[in-house]
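Visitor: Mind looking over this structure? Questions follow.
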Amino acid sequence: MSVKIRLQRHGKKGKPFYWVVAADARSKRDGKYLEKIGTYNPNTNPATIDLNLDSAVKWLHNGAQPTDTAKAILSYKGALLKHHLDGGIRKGALTQEQADAKLAAWLEAKAGKVDAKKDGLTKAQADAKAKAFKAEQEVNAKRLAAAAQAEADAIAAATPVAEVEAEEAPAAEENNETTEA
């Protein structure tokens, strides 16, 4: 029996959620499986992956072949590295302690990269929010200035024309007096 490590789709339309499973190669995509190894949620950024590392490595040791996407997931979580290091232990090139130290260092570096990506996304989101808030404040200031101008124009238009002419008439008489003198 040929065993594959592959993804089994769950979730609703447009919102996929996958189980990472070890299944017989002849079974259907979402059919019977031998063991559930983990989950993969591509809807989050970065994608959320929960994987039982020991179980995945056990299936790799037993000859299970991962599909392309499953291989990328196993590589991302360090299962392929652990499988490779275990091969070095069997050959005598490494001790168990050295292999564990290498795997721990790699996992720590990977966690640092993931945290850096999360921080970068959070910062970018906060910057975008601040930029949008500033643009909204500018629009509101323009709107208030336009409303104040419209109100001033309405007040000026509501002032009777006779009052405006009466105010202009004495000014005109003063101009006539200065020219006569």
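Visitor: Near the amide H of Phe17, under 5 Å away, which other amide H atoms are found, from residues 5 or more places off or on another chain, if H is placed in the peptide plane?
Guide: Answer set, sorted by chain and number: His10, Gly11.
Visitor: Report, by chain and number, residues whose modeled amide H sits under 5 Å from the one on Gln65, excluding near sequence neighbours (fewer than 5 apart, same chain).
Guide: Under 5 Å from the amide H of Gln65: Val3, Lys4, Ile5.
Visitor: Still on this structure, please answer the following. Applying the Karplus parametrisation 6.51 cos²θ - 1.76 cosθ + 1.60 with θ = phi - 60° to the phi angles of segment 131-145, what ³J(HN,Hα) value in whole Hz is obtained for each residue in order, glycine and proline being reported as x?
Guide: 5, 5, 5, 5, 5, 5, 4, 5, 5, 5, 5, 4, 5, 5, 5
Visitor: Kindly provide the Kirkwood hydrodynamic radius of segment 23-97 in Å, to one decimal, from all pairs of distinct alpha carbon atoms.
Guide: It works out to 13.7 Å.
Visitor: Something else about it: Contact order normalised by length for segment 1-139, with contacts defined as Cα pairs under 8 Å and 6 or more residues apart; what percent is it?
Guide: Relative CO of segment 1-139 lands at 17 percent.
Visitor: Considering only protein heavy atoms, what per residue accessible area in square angstrom results for the chain with a 1.4 angstrom probe?
Guide: 71 Å²
Visitor: Moving on to the next point. Can you compute 3J(HN,Hα) from phi for each residue in segment 117-125, using the Karplus curve 6.51 cos²θ - 1.76 cosθ + 1.60 with θ = phi - 60°, rounded to whole Hz and x for Gly and Pro?
Guide: Each residue's phi maps through the Karplus curve to give 5, 4, 4, x, 5, 5, 5, 4, 5 Hz.
Visitor: Continuing with the same structure: Non-local amide H neighbours of Glu35 (under 5 Å, H modeled in plane, Pro and chain starts lacking H): which ones?
Guide: So Glu35 has HN proximity to Ala22.
Visitor: What's the carbon and sulfur percent of the chain's accessible surface, probe 1.4 angstrom, rounded to a whole number?
Guide: After summing per-atom areas, the C and S share lands at 55 percent.
Visitor: Per DSSP H run of at least 4 residues, take -39500 (n - 2.57); add these up for the chain, divide by its residues and hand me the 222 nm value, nearest 500 deg cm²/dmol.
Guide: The helix-only estimate for the chain comes to -22500 deg cm²/dmol at 222 nm.
Visitor: Let me understand segment 28-149 better: what is its radius of gyration from the alpha carbons, and its Dmax, in angstrom?
Guide: Answer for segment 28-149, Rg first and Dmax second: 23.9, 85 Å.
Visitor: What ³J(HN,Hα) values, in whole Hz, does the Karplus curve 6.51 cos²θ - 1.76 cosθ + 1.60 give for segment 25-38 when θ = phi - 60°, with x put for Gly and Pro?
Guide: 4, 7, 7, 5, 4, 9, x, 5, 10, 7, 7, 8, 9, x
The values are calculated or read from the model by the stated rules, or taken from the named source; none is laboratory data. Quick caveat: nothing in here was measured; it's all calculated off a predicted structure. In case anyone asks, the SASA skips ligands and DNA or RNA and just uses the protein heavy atoms, side chains included. Shrake-Rupley method; radii C 1.70, N 1.55, O 1.52, S 1.80 Å.
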